[in-house]
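See below for the structure under consideration.
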Amino acid sequence: MADKQIPSIDALIENSRTRGYVMDRSLATAIYLLVQLGKPLLIEGHAGVGKTEAAKVLASILGTELIRLQCYEGLDVNSAVYEWNYQKQLLAIKLQEGRNRELRDLEAHIFGPDFLLQRPLLKSISGEEKSPVLLVDEIDRADEAFEAFLLEVLGEFQISIPELGTIKAAKPPYVILTSNGARELSDALKRRCLYHWIDYPSFEKEMDIVHARLPGIGTELGAQVVSFLHSLRKMSLSKIPGVAETLDLSTALMLLEKNLDTETAERTIGCVIKSADDLTRVREEGLDKLLAS
């Protein structure tokens, strides 16, 4: 049965566009199935092509909370799931001194829900009213041990806390994982997920995105920016600019009330090039040549 907020794939595409996000039918189908099947969706693609934004838009359409777990090397259970508020526990112990309270009762008190700090994974399964959207962002940056732990959580949507027991989701979250391809993810994780790849958009689609996000931009300026970014992506850059950089440059030019000529490109190049080596390569190639191509 279709979700009321997402009755169809066409409705998902339209609702996304009203929020400034251009979703093609392939991605819309993957997100529609995520909602209907309750199965995690793994979105891979280059940096800055809209993977994270897809989760934000889904949460907005569903009218639910977006809970984000930003992954990084060394991410552990304390940061991702839960930890105890030790300072609050110590304060509670001090307040109980001299009251002859039995140790068992004191332990039950300080290891209760009031002293528990919920991190994103626990928070995502603790709600009882509405399923949130859980965004596990850049899962490829976490190490393999955490990825294995995540498999257990996503498999059962439950977490065991020794002092409290097992907490199981009454309303399981809608889960989107993103990856920039920093490392190969395990087959076990991929098997548990729906999968979608987002590539750099075509000229036409990127123009569509620019106009959806920045409706005040003129056709000529939008075309100048998109053409310039497509030229940059053909170069051997260490950090290839994505759609996010297209929007940054477009916004900057609108603010400056400038067209994209060679002089303006030089002054605003920091909107799209984020590496000294890449900046050297672009200047050696020639901004005038890149703008003309």
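The values are calculated or read from the model by the stated rules, or taken from the named source; none is laboratory data. From a predicted model like this one, the values you see are computed outputs, not experimental measurements. Virtual Cβ from ideal backbone geometry, glycine too; neighbours counted across all protein chains shown.
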Legend entry - Residues within segment 234-265 that are part of a helix (DSSP H, G or I) and surrounded by 12 or more Cβ atoms within 10 Å (Cβ to Cβ), tallied: 15
Legend entry - Flag for Gln5 being touching a Gly at 6+ places or on another chain (Cβ under 8 Å), at pLDDT below 90 and at negative phi: yes
Legend entry - Segments classed as strands (runs of 3 or more DSSP E), wholly inside segment 95-199, with at least 2 members that are of a type in the set (A, V, I, L, M) and touching a residue at least 40 places away in the same chain (Cβ under 8 Å): 133-137, 158-161, 174-179, 194-198
Legend entry - Only one of Leu185, Leu177 that is in contact with a Cys (Cβ under 8 Å, 6 or more places away or on another chain) and assigned by TED's automatic domain parsing to the domain that holds Glu144: Leu177
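Quick grid of which residues meet (1) within 30 Å of Ser238 (Cα to Cα); (2) in contact with a His (Cβ under 7 Å, 6 or more places away or on another chain); (3) of a type in the set (Val, Ile, Thr):
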residue	(1), (2), (3)
Gly20	yes, no, no
Tyr32	no, no, no
Gly45	yes, no, no
Ala59	no, no, no
Thr64	no, no, yes
Ile67	no, no, yes
Gln70	yes, no, no
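Residue-by-condition table, conditions (1) touching a helix residue (DSSP H, G or I) at 6+ places or on another chain (Cβ under 7 Å); (2) farther than 24 Å from Ala145 by Cβ:
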position: Tyr32; (1), (2): yes, yes
position: Gly38; (1), (2): no, yes
position: Val57; (1), (2): yes, yes
position: Glu73; (1), (2): yes, no
position: Ala80; (1), (2): yes, no
position: Glu83; (1), (2): no, no
